[in-house]
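See below for the structure under consideration.
Read the figures in this text as sums done on the coordinates, not as results from a lab. Bear in mind that the values here come from a model prediction, so they are computed numbers and not experimental data. FYI the Cβ positions are ideal-geometry reconstructions off the backbone, even for glycines, and counts take in every protein chain you see.
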């Protein structure tokens with residue numbers, strides 16, 4: 001029963017594109033049927049070309065984002081090289097598994113671009129980590145998001161095309177899942193840049209397909 005309450009109330013998606021990664025979330029935070037916040041932050045930059053999306057406990061997610069960002073920075077200082085996405089995912093997996101009896105109530109996506117190319121990992125609350133090779137969605141709105149993603153996804157998508165698909169998937173989830181809503185955050189990561197879209201850019205994308 002506790003796990004059902006904790007995971008209820010979010011939609012996050014991740015896409016592997018030919019030139020990078022796109023991550024997107026909505027902004028609603030809920031406590032049961034009560035909307036606790038309409039501006040919840042669910043995407044965090046944790047390294048130069050790496051981001052993490054969160055579903056679950058807001059407090060746990062914020063703490064983990066700060067901790068992982070510090071650990072990634074220390075890794076770079078110690079080894080004199082940037083950590084790979086796999087290395088960061090493994091680091092987080094080990095951390096979550098080490099406290100499995102008193103877990104952080106989160107479900108995470110970690111994605112970005114390194115010397116090996118774009119990659120996305122999904123992690124559960126006790127550290128199970130899976131490398132995703134196409135698309136992934138988490139949270140209560142994920143069944144609707146998956147319907148859109150699997151219908152329209154292609155490995156040949158560019159990140160700019162992936163942004164439109166990610167927005168469409170999250171928007172569709174918001175229309176069907178009462179625990180998801182109140183706007184969308186999107187991050188595009190390529191070898192050259194880490195970009196967070198503005199609300200105006202996202203609204204323009206929504207207007208392109210919501211008119212149809």
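Is it possible to state the helix-based mean residue ellipticity at 222 nm for the chain, with each DSSP H run of 4+ residues giving -39500 (n - 2.57), the sum divided by total residues, to the nearest 500 deg cm²/dmol? What is it? Before the final figure, lay out the partial values.
Numbers: 6 runs with 83 residues, N = 212.
When only DSSP H runs of four or more count, the value is -12500 deg cm²/dmol.
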Starting from the Cα of residue 87, step 7 Å along the direction of its Cβ; do the same at residue 203; then give the gap between the two resulting points in nm. 4.2
Between residue 131 and residue 191, what is the spin-label point distance in nm, taking each point 7 Å from the Cα along the Cα→C-beta axis? 1.8
Please state the Cα pair-distance histogram of the chain with 10 angstrom bins from zero: what percent is in each bin? 9, 38, 37, 14, 2, 0
